[in-house]
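The structure appears below as structure tokens.
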Amino acid sequence: MSDISFHALGPARARSGEDPLVAFLLNARRMPVTISARDVNRLDSHRLQLLLVARKQWETDGIPFDITDMAPSFREGLERLGLSPDHFDKEPLQ
């Protein structure tokens, strides 16, 4: 299997041009992926949609797709946008 591709999300989505997450996902297609959400200050619906669709695609392909180091603001964004704050956890929070 290929090496894991790693991407660290920036504090907020890039407003000028395409978010770097898009290019990363396109280049990492069919490879295991780890995305760090450590630096996210605000999760917006566009980024969330990208992450949900990508995770579903990787899942369908049977390839690991992990979001790690989720900042409290990332989890708050999930909740604000209608998902459980542990939506991307491998094991739900207790």
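The values are calculated or read from the model by the stated rules, or taken from the named source; none is laboratory data. Bear in mind that the values here come from a model prediction, so they are computed numbers and not experimental data. No Cβ is skipped: glycine too gets one built from the backbone with ideal geometry, and neighbour counts run over all protein chains shown. Heavy atoms of the whole protein, side chains included, go into the accessibility calculation; ligands, DNA and RNA do not. Shrake-Rupley method; radii C 1.70, N 1.55, O 1.52, S 1.80 Å.
A few comments on the model shown:
- Theoretical FRET efficiency, 1/(1+(r/R0)^6), r = Cβ-Cβ of Gln57 and Leu83, R0 30 Å, to 0.05: 0.95
- Accessible area expressed per residue, the chain, with surrounding protein chains retained (probe 1.4 Å, Å²): 61 Å²
- By definition, a body whose alpha carbon gyration tensor gives a ≥ b ≥ c is oblate when a/c is 1.5 or more and a/b is not larger than b/c, and the chain fits this oblate description.
- Placing unit charges on the Cβ atoms only, positive for Lys and Arg and negative for Asp and Glu, gives the chain a dipole magnitude near 260 debye about its Cα centre.
- Our helix-only sum for the chain, with -39,500 (n - 2.57) per DSSP H run of n ≥ 4 divided by its residues, gives a mean residue ellipticity at 222 nm of -11000 deg cm²/dmol.
- Amide H to amide H, with H built 1.01 Å from N, Ala8 comes under 5 Å of Ser36, counting only residues 5 or more places away or on other chains.
- Accessible surface of the chain, 1.4 Å probe: 51 percent of it comes from carbon and sulfur atoms.
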